Structures are given as structure tokens and as C-alpha cells.
Amino acid sequence: MERLAGKIAVITGGSSGIGLATAKRFVEEGAHVVITGRREKELKEAAAAIKENVTAVVGDVARLDDLDRLYAVVKEKHGHIDVLFANAGAGTIAPLAAATEAHFDQTFDVNVKGLFFTVQKALPLFRDGGSIILTSSVSNVMGLPGFSVYAATKAAVRNFARAWTLELKDRKIRVNTMSPGPIETPALATTTGLTPEQAEQAAAQFASQVPMGRRGQPEEIAAAVTFLASNESSYITGVDLAVDGGLAQV
Amino acid sequence: MNRLNGKTAVITGGATGIGLAAAKRFIAEGAFVFIFGRRQEALDAAVADLGSNSRAVNGSVSDLADLDRLYTAVKAERGTLDIVFANAGTGSPLALGKITPEHIDETFDTNVKGTIFTVQKALPLMGKGGSIILTGSSAGTTGAPAFTAYSASKAAVRNLARTWAEDLKGTGIRVNVLSPGATATELAKEALGEEGQKAFASMTPLQRMADPAEIGAVAAFLASSDSSFMTASEVAVDGGLAQL
């Protein structure tokens, strides 16, 4: 059964990792997806990998003009949105004593401001009864040395879902966060600022801390996001769904 | 969609309400389901409704010999077990000041002790890929006037999953809690009356009570490999009631 048959879904941060895996799964379930990401080459490769029912729009969620362009494309092509997966995010290592203002601003610009306007600007196109899924992180409830700014942004995201649940209840739009634990994506090695050795060490340490004894696969996150996007979760709103192998749960 | 093809499931409290709705969904997704409950008449009606991929075993989760009979029946017909939905529960109001030892014992015997032995006795039949789902409640994280025993028992259930995720490390068996809010089962509708149902609906951000089928759909997600990286979690299916 195609649980998202005919649905129009927008996915930010759609060119790799969790976003890409989710875009693939959404299309398998019958949806049309519009993916966005900053890197044109990666985004095009992602669209090629998804193959069908996909539109790629290059853009940065931290730039409001880019978001306007994204939704203009969505409006022109589909006219409305049923599902929004606000997934774009950034996190680089910066211990308290060493973090710069630029680090702070950049992290909040993408993860908080970018996500806020990703949702706000989607609303005029949103169909009543739709589903909004925000990518938070297990770090929204955990201390993660060196990643305090990242963790704070993800706690902010979790709380957006609470207020928005109430603000959008009359439109019957559900809003939930999904909080991944450590997932095997390219991001750990390529975007966090860790050396390859540090990244490897971090991966091994994560795996040992997770009750399931391993990191998760992007496809496992995609399955949970699909659940939140579909009617299967029709009575779930305002929650933080942890998909973390138990890391932040025990 | 046949995410539970060939799987064998046990659902306690399976003859009515949430348990029955989950049984329907599991079977629709390809599973073979044993429902367990105390009232033979309700079990017979449920099996007639569920069809040939269901069996009923009469018993109480607070009676360990009954649980042994349940798992003997599962082993005899299916050999192994993939999914346990430990859903049987009980709850009645008694305000602080009027609580009796019998009230506490009855509530904890079913909701806590019953859940523990439902799971413990299932383990010998379970293996890699197994999924255990415990029914919690939004009352487990919120204050519910006069529901001292019930809400405490459901907080206990939520915490069982934390310990068991660690105890089950390396087995490939996952354990999660599904916590419903106000759900329009026949029993709840009767207990709440029209006014009570309206009150719950208005307190809930989604402005309505849940259809039991909506809880069954989430149980199916937790039973299936779609939730393969989830363990020790609590999934609130409460229309936002306890989330804000």
C-alpha cells in the first residue's frame, strides 16, 4: 500500500543522509517530493538517485529569498503542500571556551531561523490536515560536549512543535519533531569539523553508548518520518519521536 | 501493505478496545494473532470478527498460570513469537484520602506485575527482530485527579521499557511504550458519558478523542521493522494532550 499516494512533500536538506533517504521512501510510498539543498551538484545527484516524482530547487534555508524561490516553484508545479519535512541543519564542533560569534550565529541561522521561516513560508500553500515534521536531535535532551550551540538549537526546534501544534490545530495540521540518535550519514565526517580519526572515534563511542549497540541507518529514520507523514500517525501531534536506538531514552 | 507477514503476535487485553483494534491491524498487515483476555464472550466475538488468523486464550495477566497456558498455546501452534503487545490494563478513580490497599493491589497486579510477567514469560519464544510494545498512558506523565494508582502504575510501565532495553541488549528484541490519551473505546465512552467525552476532546489539541484504530496503527508501526531503530522510547498517541 502506498501510504503517501498523491501527496506533495517538501524536504529541506534533501541532498544527502536523512533527507535523501526520506525523499526516496516518500516517493516509494507514492508522493511527489520537492527537495532543496545548498550544494547544486549533490542536489542534482540526489534527484537523479530518486529518479521519479522529484523536483530539486537549490537554496539555503537561512536565506529568506531562497525559501521564497523554493515555494514559488512548489506553487507553480503542485499548487499546494501536504507534508513538510524541515530537516536542513548544521552542527560543527566548538567547545564553550573556543566558540566564536560566527559559529553561534551560523548554527542558529540554519537550525532555528531557517527552520522557522521554512515552516512559516510553507503555510499559505499548506493543505489543512497536513503533517509537518521537524528534525531535532537526541541532543535536545542530552549534554554533548563541544556541541552546546547545536544542542541548544535542537531544543528550540523541539519547542517550536509545541507552540505550532496549538497555532495550527484549527487547520488540523499536525506538527511533530523527530529526534535521531547517531546515524550513519556522511555528515559526521564531512560537516562537523572533526578530523577523520575523531569522526571514527565518535562513531565507535556512539555505537557503544546506544542500547541497540550500533548507529542507525538513514533508511530507519526515513521509515519513522514516513510514519509521521502518513495517516498512521493521525492522532500524534506535538510529540518528540526519538529514533535513537534508545540512546536518550534509558 | 504486509509489514507483518508471517509474524506471530500476542495481544493481552485483546478482546476489546485498543487491543482488538491492534489485532485487526496486525492481521490486516499479515500477522497471526493470539488475543488474551478474561471474558470468554468477548473473546469469542473478537475471534469471530478477526477471522482465521486469530486465536483466543482466556486468562488474566495477573495470574501466572494463565500466562503459562497462553504461551504454551503459542508454542504449540506457532513455535516462536515475534510481537508482544502487553496492553491489558485496569484503572478506576479513588481520590487521595479514600484509597484502599485492595485498590492499589488490584491496579498494580494487572498493570505492573501483569506486564512484567507477560513479557518475561514471552522471552523464551522470542528472538532477533522481536518487538515488545507496552501500553502506557498520558496519565503516566500528567496529573490525573483521583487516578493515583493508575497513573503511578503507568509511570512504572514507562520505566520498565528503559530497563528492559538494557536487559535485552544484544538480543535484537526492541521494547517501546505506546501511551494513548483519551481514546473512544466502548468502555471509555460508557465510563465518561457524553459530558466526559466532550471534556476530554476539548482538553486535547486535536479537539477530539482517538479512534481505537488510530492506536492500532501506531502499534503496527512499533511492531514492524519501520521502527527498527527505536527502543526504550515512549510514543505518545494522545492528540497532543500531554505534549505541550
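The values are calculated or read from the model by the stated rules, or taken from the named source; none is laboratory data. These figures come from a predicted structure and were not determined experimentally. Every residue, glycine among them, receives a Cβ derived from its backbone with ideal geometry; neighbour counts consider all protein chains shown. Accessible surface is based on the protein model in full, side chains and every heavy atom, while ligands, DNA and RNA are left aside. Shrake-Rupley method; radii C 1.70, N 1.55, O 1.52, S 1.80 Å.
Points to keep in mind about this one:
- Unique residue being aliphatic (A, V, I, L, M) and in contact with a Leu (Cβ under 6 Å, 6 or more places away or on another chain) when the list is A:ALA199, A:ALA207, A:ALA248, A:ALA187: A:ALA199
- Residue match in the stretch A:4-17 (condition: aliphatic (A, V, I, L, M), in contact (Cβ under 8 Å) with a residue 12 or more places away in the chain, open to solvent by 50 Å² or more (accessible area, probe 1.4 Å) and out of contact with any helix residue (DSSP H, G or I) (no Cβ under 9 Å at 6 or more places or on another chain)): yes
- Taken over the stretch A:191-208, the residue count meeting the criterion of being part of a helix (DSSP H, G or I) and either surrounded by 15 or more Cβ atoms within 10 Å (Cβ to Cβ) or not acidic (Asp, Glu) (or both) is 11.
- Test result for A:THR55, modelled with pLDDT under 95 and touching a helix residue (DSSP H, G or I) at 6+ places or on another chain (Cβ under 8 Å): no
- The number of residues in the stretch A:220-250 being assigned to a loop (DSSP other than H, G, I, E, B), more than 19 Å from A:SER208 (Cβ to Cβ) and within 7 Å of chain B (Cβ to nearest Cβ) comes to 6.
- Residue match in the stretch B:212-230 (condition: at pLDDT 95 or above, over 29 Å from A:GLU219 (Cα atoms) and touching a strand residue (DSSP E or B) at 6+ places or on another chain (Cβ under 9 Å)): no
- Search result, residues across the stretch B:183-212 that are assigned to a loop (DSSP other than H, G, I, E, B) and at the interface with chain A (Cβ under 10 Å from one of its Cβ atoms): B:THR204, B:PRO205, B:LEU206, B:GLN207, B:ARG208, B:MET209, B:ASP211
- Every listed requirement among (1) surrounded by fewer than 21 Cβ atoms within 10 Å (Cβ to Cβ); (2) under 27 Å from A:SER230 (Cβ atoms) is met by A:LEU84 save one, (1).
- The set of residues in the stretch B:141-182 that are outside any helix (DSSP H, G or I), free of Cβ contacts under 8 Å to residues at least 40 places away in the same chain and more than 10 Å from chain A (Cβ to nearest Cβ) comprises B:GLY143, B:ALA144.
- If the condition is being of a type in the set (Gly, Ala, Ser) and open to solvent by less than 40 Å² (accessible area, probe 1.4 Å), then the stretch B:184-226 contributes B:ALA184, B:ALA188, B:GLY193, B:GLY196, B:ALA201, B:ALA210, B:GLY216, B:ALA217, B:ALA219, B:ALA220, B:ALA223, B:SER224.
- Checklist (1) at pLDDT below 95; (2) surrounded by 20 or more Cβ atoms within 10 Å (Cβ to Cβ) applied to B:ALA149, failing item: (1)
- Restricting the search to helices (runs of 4 or more DSSP H) fully inside the stretch B:1-112 and requiring at least 3 residues that are modelled with pLDDT of 95 or more, among the charged types (D, E, K, R) and surrounded by fewer than 17 Cβ atoms within 10 Å (Cβ to Cβ) gives B:40-50, B:64-78, B:101-108.
- Among (1) within 13 Å of chain A (Cβ to nearest Cβ); (2) among the aliphatic types (A, V, I, L, M); (3) open to solvent by less than 50 Å² (accessible area, probe 1.4 Å), the one test that B:LEU244 misses: (3)
- Residues of the stretch B:227-237 satisfying the condition of being at the interface with chain A (Cβ under 7 Å from one of its Cβ atoms) and either open to solvent by less than 10 Å² (accessible area, probe 1.4 Å) or in contact (Cβ under 8 Å) with a residue 60 or more places away in the chain (or both): B:SER227, B:PHE229, B:MET230, B:THR231, B:ALA232, B:SER233, B:VAL235, B:ALA236, B:VAL237
- Residue check: A:ALA152 meets all listed conditions (1) open to solvent by 30 Å² or more (accessible area, probe 1.4 Å); (2) within 14 Å of chain B (Cβ to nearest Cβ) but one, namely (2).
- Summed over the stretch A:160-178, the residues that are assigned to a helix (DSSP H, G or I), facing another protein chain (nearest Cβ under 9 Å) and touching an Asp or Glu at 6+ places or on another chain (Cβ under 8 Å) give a count of 1.
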